[in-house]
Amino acid sequence: MFPNSPRVGRSPHPSRPIIQHHPGELFNKLPLPVPPELLQARLTYHKNANLSRMLMGGNVLAMPSVSSQPWSFGNRNPLVNPVSPPQFQSRKRRSDEGNNQYDLKRQRFQSPPQPPSVIHQPVPLSNDLYFSYDGTPMRQATRNPDVNGRDPSSGDNWLFDDVETTLPAANDKLSQQILDLFQACQQQISDLKKKDICRAELQREIQQIFPQSRLYLVGSSLNGFGTRSSDADLCLVLKDEPMNQQTEARHILSLLQKHFYTRLGYIERPQLIRAKVPIVKFRDKVSGVEFDLNVNNVVGIRNTFLLRTYAHIESRIRPLVLVVKRWASHHGINDASRGTLSSYSLVLMVLHYLQTLPEPVLPSLQKNYPECFNPAMQLHLVHHAPRNIPRYMSKNGSSLGDLLVGFLKYFAIEFDWKNKIISVREGKAMQRTEGFEWRNKFICVEEPFDRTNTARAVHEKQKFDLIQEEFMKAWVRLRDNRDLNSVLPLQRIFGKPN
């Protein structure tokens, strides 16, 4: 079960008094080391936010109490039948607020009594320790850190370790350029920790509304393929069963958007994006990181750790993926919102190419280790999968430069776009069927767990032709001159921070 937030004003343990913490004390107890300048910035934002709340007559500790029953969406949605909330005193209505019946500040969420159900456990991170808003510990374990200040018993510190320390050899100019680009742009551990600090703060806020919820960091930030400028993806899990993304998820996100906008001073520009999987986009003012938050899109948690395993079982994978993403972004074919390829699709395309070489660089992990990547595995076990997979010793000794040229050639002139499906799950190109996901689609890239088409955004012939054209041009240029500058402005990239 998820740890429950205690009701406001009541100790979760009758024998233990409520501990009131100064805001600075809470930050001192964050699960990750916080740089002094980041700590000071966060404290400043919180003090300003608290002052604004006092001036508006609101108090975060006066939020309505929340039922501790697990979320259940049986025959009805508990959100559509709110009970009357307590009134907030001495506060004028903002000019941009409507009379929406779901006004977050005037709503109490009550779930009908339900039998206990199995709820996904969190993906633990190093020294994970959670507090309710008043500072009362929600979950705390006895910790005996090692000489480096780490907790050897948790087994989860590796999530914040730089797993791959050995880079492939570079004996030619193109390979060396790829390595230089990778080392200049790859995400640092400090970048990941900043993102997780914001995740932890948001989780504490959201649990005041949805006590059973858990907030996961997913996507490129955690899968090993992120850069210093990568956005961060968050998945809010409310229940252990599928959720209608167009109704339930969208409504929950609209509530969170309003909550972020009115109550969180460190969140900037929260916007609800009504896509197939709706998200709330926002920016953390302190770290400057852009976030995308979805609800119950749990396949993102599963594929994060599948990709993380691929990223670290062979030393050539991460540099190759990074250069492909930078190339695609520079040439305008790496933006699903504009009808081209998402970064996720590009990563799957690279993995597929490496699986299908005459001498493969990668295996199919799902075929070789089905027990580690079972789509039905409980979420609290998913993060262990990468630790159980040994490094892959490929007989293919191709250089990074050769692999990049080969990748571009494969999708420029060799791959049968009309009749084939890119499948990392099977480790091969599969024959297209007449299924809805594949019928009349220009590009078919199979999601390894739910088997949907991750390239469905490419729905215009013009955009598909553009993608093919860029693959062809890049292949010809690199084949002829073996210089990455011919397809990427390296000087401009190295000349400014990423």
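The values are calculated or read from the model by the stated rules, or taken from the named source; none is laboratory data. The model shown is predicted, which means the values in this text are computed figures rather than measured ones. No Cβ is skipped: glycine too gets one built from the backbone with ideal geometry, and neighbour counts run over all protein chains shown. The accessibility values were calculated without ligands, DNA or RNA, using every heavy atom of the protein model including side chains. Shrake-Rupley method; radii C 1.70, N 1.55, O 1.52, S 1.80 Å.
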- Run the quick spin-label model on D483 and N419: label points 7 Å from Cα toward the beta carbon, then report their separation in nm to one decimal. 4.0 nm
- Query: Using modelled backbone amide H atoms (1.01 Å from N, in-plane), which distant-in-sequence or interchain residues come within less than 5 Å of R432's amide H?
  - Reply: K420, I421
- Using the Karplus equation 6.51 cos²θ - 1.76 cosθ + 1.60 (θ = phi - 60°), what ³J(HN,Hα) coupling, rounded to whole Hz, does each residue of segment 307-313 give in order, writing x for Gly and Pro? 5, 4, 5, 4, 4, 10, 8
- Expressed to two decimals, segment 173-240 has a Cα Rg over Rh, using the Kirkwood radius, of 1.16
- Note on the structure: With 0.36 nm assigned to each residue of separation and the Cα-Cα distance removed, E290 to K395 gains 33.8 nm
- Query: Can you give the FRET efficiency for V476 and E268, using 1/(1 + (r/R0)^6), R0 = 25 Å, r = Cβ-Cβ distance, to the nearest 0.05?
  - Reply: 0.05
- When the solvent-accessible surface of protein heavy atoms is calculated with a 1.4 angstrom probe, in what order do K367, K395 fall, highest first? K395, K367
- Message: Assuming 0.36 nm per residue, please report the length gained on full extension of the stretch Q378 to T247 beyond their Cα-Cα distance.
- Response: 44.7 nm
- Past the 24 Å Cα-Cα mark, which pairs from K173/K420; K281/K420; K258/K281; K193/K367; K276/K441; K367/K418? K173/K420; K281/K420; K193/K367; K367/K418
- Message: If a paramagnetic tag sat 7 Å from the Cα of R228 along the Cα-Cβ line, which residues of segment 276-310 would have the backbone N under 18 Å from that point?
- Response: 287-290
- Can you work out ³J(HN,Hα) from phi for every residue in segment 336-348, in order, using Karplus 6.51 cos²θ - 1.76 cosθ + 1.60 and θ = phi - 60°, giving whole Hz and x for Gly and Pro? 4, 5, 10, x, 10, 8, 6, 4, 4, 4, 4, 4, 4
- Note on the structure: Under the 7 Å Cα-to-Cβ spin-label approximation, N440 and D240 lie apart by a distance in nanometres of 4.0 nm
- Message: I need the phi-derived Karplus couplings for segment 227-244: 6.51 cos²θ - 1.76 cosθ + 1.60, θ = phi - 60°, integer Hz, Gly and Pro marked x.
- Response: 10, 5, 9, 5, 5, 10, 9, 10, 10, 8, 9, 10, 7, 9, 9, x, 10, 5
- Task: Report Rg/Rh for segment 388-498, rounded to two decimals, where Rg is the Cα radius of gyration and Rh the Kirkwood radius.
- Result: 1.03
- Message: Around V237, under 14 Å between beta carbons, what's the net of Lys plus Arg minus Asp minus Glu among the other residues?
- Response: 0
- Task: Give me the distance between the Cα centres of segment 220-269 and segment 390-418, rounded to whole Å.
- Result: 35 Å
- Task: Compute the signed sum of charges (Lys and Arg +1, Asp and Glu -1) over the other residues within less than 11 Å, Cβ to Cβ, of K441.
- Result: +3
